Amino acid sequence: MNLQKTTADSDQNSEPDLGQTQFLPEDWFDRPSYYFNRELSWLDFNKRVIAEAYDSENPFLEQLNFLAISSSNLDEFFMVRVAGVYDQYLANIEISETKTHMTPLDLLTAISEKNHQNVAMQYDRYHQLASRLSQMQYAIKRVSELNPDELAEIERIFEELLMPTLSPLAIDAYRPFPHLNNKLMNILVRLNRERPEHVAIVPVPALLDRYITIDAGVKKTIILVEDIIIHFIQRLFEGQDIAYAYPFRITRNADFDIIEDGAADLLEVIENYVKKRKNGMAVRVEVDTSQLSDFSELQVQYLLDALDLHINDVYQINGPLDLTFLFGLREQIGADLPELMYKPFDSFLDPANLGESLFTRAKERDLFFHHPYDAFDPIVSLVAHAAQDSQTIAIKQTLYRVSKNSPIIAALKQAAENGKEVTVLVELKARFDEENNVFWARELEDAGCHVLYGVTELKTHSKITLITRREDDRIQQYVHLGTGNYNDKTAKMYTDMGIITTHEGITSDATNFFNYLSGYGERPTYQHLHVSPFEIRDSLMDYIDEEIDFHRQFGNGRIIAKMNSLTDKELIRKLYQAGHAGVKIDLIVRGICCLKPGMEGISETIHVRSIVGRLLEHPRIYYFHRNGSHHLFLSSADMMTRNMTKRVEIEFPILDPKIEQEIYDILELQLSDTAKAHVLQPNGEYLKPERIEEQVNSQDILIKRAQAESDALLEVAHIEAIVEEAKPLTWWQKLLNFFTK
């Protein structure tokens with residue numbers, strides 16, 4: 001929709017009377033002050049993850065787990081996003097991104113300031129929780145805190161298991177500063193010599209356990225491996241006087257362009273890319289200052305000079321580096337004290353949604369799944385049963401991220417070995433899963449599958465499976481479409497949605513989609529699916545325009561959108577236009593949000609909330625009221641520019657009114673969440689909703705519903721078994737019982 005300018009002054013520095021202006025010039029929404037920066041918004045998201053470690057309603061070990069998650073998140077953020085800003089700075093790019101118009105230097109400075117605050121918050125909580133471990137019969141100790149028996153055991157472990165694996169690397173004119181691998185632990189050792197001072201580095205081998213556990217009966221003691229090495233470091237430098245030693249860790253640029261043009265073998269290109277990642281430019285160095293009694297910045301200057309970094313790139317941490325070791329510690333302690341973890345729950349699984357009966361049901365009506373409240377087993381069964389049954393002719397599927405021992409992969413291999421026509425698109429460019437996907441691509445090829453490696457210059461991020469069977473002398477097709485990956489492991493931790501359908505329009509679209517990916521045909525025209533690049537953005541823009549028109553006619557415009565991140569400027573501008581027109585817009589955005597809600601006359605009717613809790617919220621849902629006629633879509637795509645223009649994504653409609661109502665009710669439930677929701681303010685701050693007497697935890701409510709459904713199903717099965725047992729025996733059964741006694 002073209003918005004006509006009605007104000008006399010179109011200069012971006014002038015302010016129109018928004019209360020009286022019906023239309024605004026389209027470029028009005030380009031103002032930098034109307035947007036949040038993507039990278040800084042991500043740091044706000046990671047702060048919300050850290051905040052979960054402060055929530056006493058979370059079990060103790062889960063609080064530790066949120067610290068590990070935030071640490072893992074931050075590593076990837078630096079390797080990709082911060083590295084990208086560094087590249088812009090070194091290339092003398094004037095503006096880092098088009099929304100807030102920050103320069104790369106301004107952005108790097110802001111990232112450093114905000115993230116240093118986050119890290120301080122993270123480690124404050126770590127020390128609080130670590131001090132409470134002793135109440136759980138565990139203790140994290142320094143070697144200097146061990147009793148004589150524990151010290152003797154640690155000394156034995158150092159001599160027998162650690163020291164033989166260590167390689168001290170002296171640095172001088174003949175031995176240059178070594179290449180140190182991304183994210184691995186190292187120990188810098190400063191030696192005192194008359195002249196000159198010498199430095200050495202001791203890399204901690206990646207295959208060593210991060211910590212050692214000493215079991216003293218009632219209590220267990222945890223000692224970090226870098227503490228052990230530093231305590232006995234003198235034994236690696238006999239005859240030398242050691243001034244000090246401390247652990248440090250380098251994060252490197254892992255975001256490289258993959259040059260696909262002219263590649264004879266994309267598998268080989270990807271393998272070289274993964275190797276190159278290990279050698280990227282350093283973008284962060286973390287230093288454990290707790291090992292030094294009188295730490296000063298001069299003690300890290302050597303590293304800064306060697307790595308060509310600025311003091312803002314140094315994170316001086318009073319505590320252990322890389323808190324991802326808490327993942328393992330949580331599991332270890334949880335095995336002894338399961339009450340300190342989330343109470344496990346069983347996903348709802350209807351046995352009728354397995355095997356052949358799954359196909360029978362899908363022909364009767366569309367089937368909806370909301371994982372992990374609904375088990376992932378039916379999705380695995382869809383492929384596994386098709387691989388075995390004689391009616392299946394062909395299976396086609398896209399794979400973006402899969403588990404290491406994927407039952408989906410096993411089923412696809414079995415299908416090919418059973419003579420089915422199997423076509424699999426394995427996206428080799430799925431960041432940090434490239435190695436895993438290269439392995440699976442080769443496995444599938446060896447089994448006889450037709451393997452596609454994606455689309456040139458695009459990532460195939462769509463989640464779709466098409467199964468073709470011959471039933472009663474006719475062809476019947478089944479389609480699964482989802483918002484999440486075909487990964488049975490993450491399906492237990494990520495919330496996602498999907499449908500299985502036999503709708504002829506959708507199955508026809510699915511056939512055209514796969515034929516387009518595998519062949520040279522022209523881009524198809526779809527009946528029901530919207531496929532990016534570009535088409536999903538265009539469809540969303542059209543539906544927002546349509547909602548604006550409905551609102552002007554009937555005054556009841558309503559949009560609800562749920563996604564992981566919102567960054568696309570064109571879509572944000574369109575949402576601002578809808579907000580200016582008075583459309584009520586509720587956005588549930590877990591991570592990055594560049595849209596600024598609550599601006600007078602622009603986004604007063606737009607509300608943004610983020611839900612961060614036990615499960616990672618992952619579905620993409622787009623709902624448009626349309627004066628009561630409704631449109632609801634699920635999608636693999638967020639409202640991010642990369643999903644709109646650089647990926648092959650699918651947005652699919654929910655055509656069954658019952659399923660549409662179920663999804664809408666879930667959205668309304670999450671909009672009422674007061675326990676795990678954070679509401680975005682116009683100043684960028686996220687605040688918890690006002691606390692009420694009875695908290696609404698949407699995830700807990702859905703878990704309880706799933707458990708109630710499971711219990712009800714068991715009760716029905718129990719009653720049916722009793723009824724069956726009470727039936728009078730036929731003469732044949734009586735005779736059989738007589739002879740088998």
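The values are calculated or read from the model by the stated rules, or taken from the named source; none is laboratory data. In this text, all values refer to a predicted model and were calculated from it rather than measured experimentally. For neighbour counting, all protein chains shown are included, and Cβ atoms are generated from backbone atoms with ideal geometry for every residue, glycine included.
Here are the numbers:
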| quantity | calculated |
| --- | --- |
| Residue in region 367-383 that is farther than 16 Å from residue 480 by Cβ, assigned to a loop (DSSP other than H, G, I, E, B), of a type in the set (Gly, Ala, Ser) and in the same structural domain as residue 501 (by TED's automatic domain parsing) present | no |
| Count - residues of region 442-471 that are farther than 13 Å from residue 423 by Cα, in a strand (DSSP E or B) and polar (S, T, N, Q) | 1 |
| Residue match in region 212-231 (condition: over 30 Å from residue 326 (Cβ atoms) and modelled with pLDDT under 85) | no |
| Any hit, region 302-315, residues being modelled with pLDDT of 90 or more and hydroxyl-bearing (Ser, Thr, Tyr) | yes |
| Any hit, region 143-153, residues being modelled with pLDDT of 90 or more and not in a helix (DSSP H, G or I) | yes |
| Filter result for residue 458 (more than 18 Å from residue 387 (Cα to Cα), buried (at least 19 other Cβ atoms within 10 Å of the Cβ) and over 14 Å from the mean Cα position of the chain (by Cα)) | no |
| Any chance residue 526 is assigned to a loop (DSSP other than H, G, I, E, B), touching a helix residue (DSSP H, G or I) at 6+ places or on another chain (Cβ under 8 Å) and closer than 30 Å to residue 451 by Cα | yes |
| Number of the condition not met by residue 334 [criteria: (1) buried (at least 16 other Cβ atoms within 10 Å of the Cβ); (2) more than 30 Å from residue 495 (Cβ to Cβ); (3) among the small types (Gly, Ala, Ser)] | (2) |
| Candidates 572, 606, filtered to the one that is buried (at least 19 other Cβ atoms within 10 Å of the Cβ) and in contact with a Cys (Cβ under 8 Å, 6 or more places away or on another chain) | 572 |
| Leading residue by the ranking (modelled with the lowest pLDDT) among those in region 529-560 that are crowded, with 22+ Cβ neighbours inside 10 Å, touching a Lys or Arg at 6+ places or on another chain (Cβ under 8 Å) and not in a loop (DSSP other than H, G, I, E, B) | 532 |
| Unmet requirement for residue 130, which otherwise passes all of (1) surrounded by 16 or more Cβ atoms within 10 Å (Cβ to Cβ); (2) among the small types (Gly, Ala, Ser); (3) out of contact with any strand residue (DSSP E or B) (no Cβ under 6 Å at 6 or more places or on another chain) | (3) |
| Selection count, region 590-610, where residues are in contact with a helix residue (DSSP H, G or I) (Cβ under 9 Å, 6 or more places away or on another chain) and either β-branched (Val, Ile, Thr) or under 15 Å from residue 34 (Cα atoms) (or both) | 14 |
| Subset of region 94-142 (residues that are under 30 Å from residue 214 (Cβ atoms), of a type in the set (D, E, K, R) and in a helix (DSSP H, G or I)) | 124, 125, 132 |
| Tally of residues being more than 22 Å from residue 118 (Cβ to Cβ) and either of a type in the set (Ser, Thr, Tyr) or out of contact with any strand residue (DSSP E or B) (no Cβ under 8 Å at 6 or more places or on another chain) (or both) across region 676-690 | 1 |
| Counted residues, region 305-342 - those being of a type outside the set (Val, Ile, Thr) and farther than 21 Å from residue 613 by Cα | 19 |
| Pairs with Cβ under 6 Å, 6+ apart, first in region 472-486 and outside any strand (DSSP E or B), second of a type in the set (Phe, Trp, Tyr) | 484/494; 485/400 |
| From 447, 375, residue being in contact with a helix residue (DSSP H, G or I) (Cβ under 9 Å, 6 or more places away or on another chain) and more than 30 Å from residue 667 (Cβ to Cβ) | 447 |
| Lone qualifier among 496, 586 - being among the acidic types (Asp, Glu), crowded, with 18+ Cβ neighbours inside 10 Å and outside the structural domain of residue 658 (by TED's automatic domain parsing) | 496 |
| Selected residue (only one of 382, 412, 452, 428 is in contact with a strand residue (DSSP E or B) (Cβ under 8 Å, 6 or more places away or on another chain) and more than 30 Å from residue 345 (Cα to Cα)) | 452 |
| Residue identified as modelled with pLDDT of 95 or more, outside any loop (DSSP other than H, G, I, E, B) and in contact with a Phe, Trp or Tyr (Cβ under 9 Å, 6 or more places away or on another chain) among 705, 614 | 705 |
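Quick grid of which residues meet (1) under 27 Å from residue 63 (Cβ atoms); (2) among the aromatic types (Phe, Trp, Tyr):
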position: 126; (1), (2): yes, yes
position: 129; (1), (2): yes, no
position: 156; (1), (2): no, no
position: 171; (1), (2): no, no
position: 187; (1), (2): no, no
position: 206; (1), (2): no, no
position: 229; (1), (2): no, no
